[in-house]
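Quick notes on the structure that follows.
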Amino acid sequence: MSYRIFERLAQNVARNTFIQETLDNIRSYIQSERVVLYYFYREWKGQVTFEFLSNGKLSIYGSTGADECFNDEYAAMYQEGRVRAIEGIELEAIHPCHRDFLRSIRVKANLVVPVLGGYGGC
C-alpha cells in the first residue's frame, strides 16, 4: 500500500515539474511576463494552479478568477479548442467585466489556449 502512495506522489512530482518547465519555456518563447495554468475543476469554477513569472509581484497563484465573466457559452467554445489572443485589453472589444478583471490582475495582453484532456487533479 505504501508503495502505491509513493508511486502516486512520484507521478505528481514528475507531472508538476513537467508543467512548470513547460510554462517556463512558453513564457520565454512568447516573451511574456507571466504564464499561468488555470484549472477548471467543476461547473466552470477553478483556480490558477501553476504559474511562471518574470517578477514575483505579478503572482496570481491560487486566484479563482472572475467567475461571473466566464459562462457556459465561452466554456463551450474553449471545449471545442478555441484559442483567443487579445493584443491590448484597452483596444479590444471585450465585455467590461472581463476588461476589469484583466486590469485587476495587471494584464495588458492576453492569450488563452485550452489544454484539453488536461493533467487531471492531484
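Derivation of every value follows stated rules applied to the coordinates shown; laboratory data play no part. For clarity, every value in this text was computed on a predicted model and none was experimentally measured. Note that each Cβ is placed from the backbone with ideal geometry, even for glycine, and that neighbours are counted across all protein chains shown.
Values as computed for the structure displayed
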| quantity | calculated |
| --- | --- |
| GNM result for the chain, Cα springs below 10 Å: residue of Glu33, Glu51, Glu73 fluctuating most strongly | Glu73 |
| Gyration tensor (alpha-carbon) shape descriptor, the stretch 78-117, a/c threshold 1.5 | prolate |
| Gain upon complete extension [Glu80, Glu7; 0.36 nm per residue less C-alpha separation] | 22.9 nm |
| Top of Leu58, Leu37, Leu111 by mean-square fluctuation, Gaussian network on the chain, Cα under 10 Å | Leu111 |
| Residue range of the chain that is longest and free of chymotrypsin sites (Phe, Trp or Tyr not before Pro) which are both DSSP loop and sparsely packed (at most 15 other C-beta within 10 Å) | 62-118 |
| Of Ser104, Ser54, Ser32, the one that fluctuates the most in a GNM where the chain has Cα springs shorter than 10 Å | Ser104 |
| Correct choice for Cα extents along the principal axes in Å that was computed from the model, options (1) 55, 32, 23; (2) 39, 32, 25; (3) 53, 30, 28 | (1) |
